[in-house]
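Reviewing the structure listed below.
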Amino acid sequence: MTKEEIIEKVNSVLAEEFEVEESVITPDAVIKNALELDSLSLVDLVALIDQEFGVKISNAELPTIKTFADLYTYIESHQA
Amino acid sequence: MLYEGEAIKTLIPQRDPIMMVDKVWSAEGDTAVTGLTVTDRNYFLEDGLVAEPGLIEHIAQSASAFAGHRARVAGQEAPIGYIGEVKKFRLYRRPAVGEELRTVITMGTEVNGITLVRGEVRSNDELLAETQMKIFCE
């Protein structure tokens, strides 16, 4: 999957799951703020990325993924 | 059969009248199968059928029993778990007195001590209820 395909799919599935407009999902936006995540919905985010991309985000690496750009890059570098 | 009757009490903190698991059939990897025979003494009975909260409680206690088993295998004490969220609960039929429930618990993603759990409750292979829940273990 190319970076562009990852971005398109991430934006689409996250907008649907967290019921936000895709326009709030921009590379520099902070994920936690844009998706209004709390400790419970953060689990949904990690599960969704695993389900859709087969990429497991570890507890140790999770704090390093702050923006959507971070997430796109993480998925790109960890996909099978 | 891994646990039955009194042995379940080594896995979960609940006691009568709200113990909603009476068997753990198997536990392997991220999946366990638990059981409950619905008796006329069941705390969650309404009009002879188990009410929705009873099925949610059954799934939660099943997950707790699974976590307790895993802890025992690892030589640790069974953790205390708290339901953080119930999501996508679907009820197809409420079980009656005498039915034997078999429930498949699948442990999913874990983030900072919060685990995504999926549960499917069946009776004679008929799917009665299913849900996702998030459980926090301490």
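What follows is calculated from the coordinates using simple rules that are stated; it is not laboratory data. Computed from a prediction, not measured in an experiment: that's the story for all the values here. Note that we place each Cβ from the backbone using ideal geometry, even for glycine, and neighbour counts take in every protein chain shown.
Would you work out if chain A is rounded, prolate or oblate? Take a ≥ b ≥ c from the square roots of the eigenvalues of the alpha-carbon gyration tensor; rounded if a/c is under 1.5, else prolate when a/b is larger than b/c, oblate otherwise.
Details: a/c = 1.39, a/b = 1.10, b/c = 1.26.
Rounded, since a/c falls under 1.5.
Please say if the protein assembly as shown is rounded, prolate or oblate, where rounded means a/c under 1.5 for a ≥ b ≥ c the square roots of the C-alpha gyration tensor eigenvalues, and otherwise the choice is prolate for a/b larger than b/c and oblate otherwise?
It is prolate, given that a/c is not under 1.5 and a/b is the larger ratio.
How charged is the neighbourhood of B:Trp25? Take every other residue with its Cβ under 10 Å from the Cβ of B:Trp25, and add Lys/Arg as +1 and Asp/Glu as -1.
That works out to +1.
Mean residue ellipticity at 222 nm from the helices of chain A, using -39,500 (n - 2.57) per DSSP H segment of n ≥ 4 over the full residue count, to the nearest 500 deg cm²/dmol? Don't skip to the answer; put the middle values down first.
Working: 4 runs with 46 residues, N = 80.
It lands at -17500 deg cm²/dmol.
Under 5 Å between amide H atoms, partner at least 5 residues away or on a different chain: which partners does B:Ala129 have, H built in plane at 1.01 Å?
B:Tyr92, B:Val121
Once you have the Cα-Cα distance between A:Ser77 and A:Asn59, take 0.36 nm times their residue separation minus that, and quote the gain in nm to one decimal.
4.8 nm
Given R₀ = 35 Å, FRET efficiency for B:Ala74-A:Val13 by Cβ-Cβ distance, to 0.05? Write down the numbers at each step before the final one.
Values: r = 35 Å, r/R0 = 0.99.
So the FRET efficiency works out to roughly 0.50.
Quick one: 3J(HN,Hα) in Hz for region A:14-19, Karplus 6.51/-1.76/1.60 with θ = phi - 60°, rounded, Gly and Pro as x.
Once rounded to whole Hz, the list reads 6, 4, 6, 5, 9, 6.
For the residue pair A:Glu36 and A:Glu21, what label-to-label distance in nm results when each label sits 7 Å from Cα along the Cα-to-beta-carbon direction?
Here the answer is 1.4 nm between the modelled labels.
Give the residue list of trypsin sites (Lys or Arg not before Pro) in region A:1-71 that are DSSP loop and have at most 12 other beta-carbon atoms within 10 angstrom.
When the trypsin sites (Lys or Arg not before Pro) of region A:1-71 are filtered for loop state and at most 12 Cβ neighbours within 10 Å, A:Lys56 remain.
Structure shown: which of A:Lys9/B:Lys23; A:Lys66/B:Lys9; A:Lys66/B:Lys134; A:Lys66/B:Lys23 lie over 32 Å apart, alpha-carbon to alpha-carbon?
Among A:Lys9/B:Lys23; A:Lys66/B:Lys9; A:Lys66/B:Lys134; A:Lys66/B:Lys23, the Cα-Cα distance tops 32 Å for A:Lys9/B:Lys23; A:Lys66/B:Lys9; A:Lys66/B:Lys23.
How many Cβ atoms of partner chains, on average, are near each residue of B:114-122 if near means within 10 Å of its Cβ?
For peptide B:114-122, the averaged partner shielding equals 1.
Given Cα pairs under 8 Å that are at least 6 residues apart, what percent is the relative contact order of chain B?
25
Could you tell me the relative contact order of region A:13-80? Use alpha-carbon pairs under 8 Å, at least six residues apart, and round to a whole percent.
Once normalised by length, the contact order is 34 percent.
Order B:117-130, B:89-102 from most to least packed using the mean count of other Cβ atoms within 10 Å.
So the peptides B:117-130, B:89-102, ranked by packing, come out B:117-130, B:89-102.
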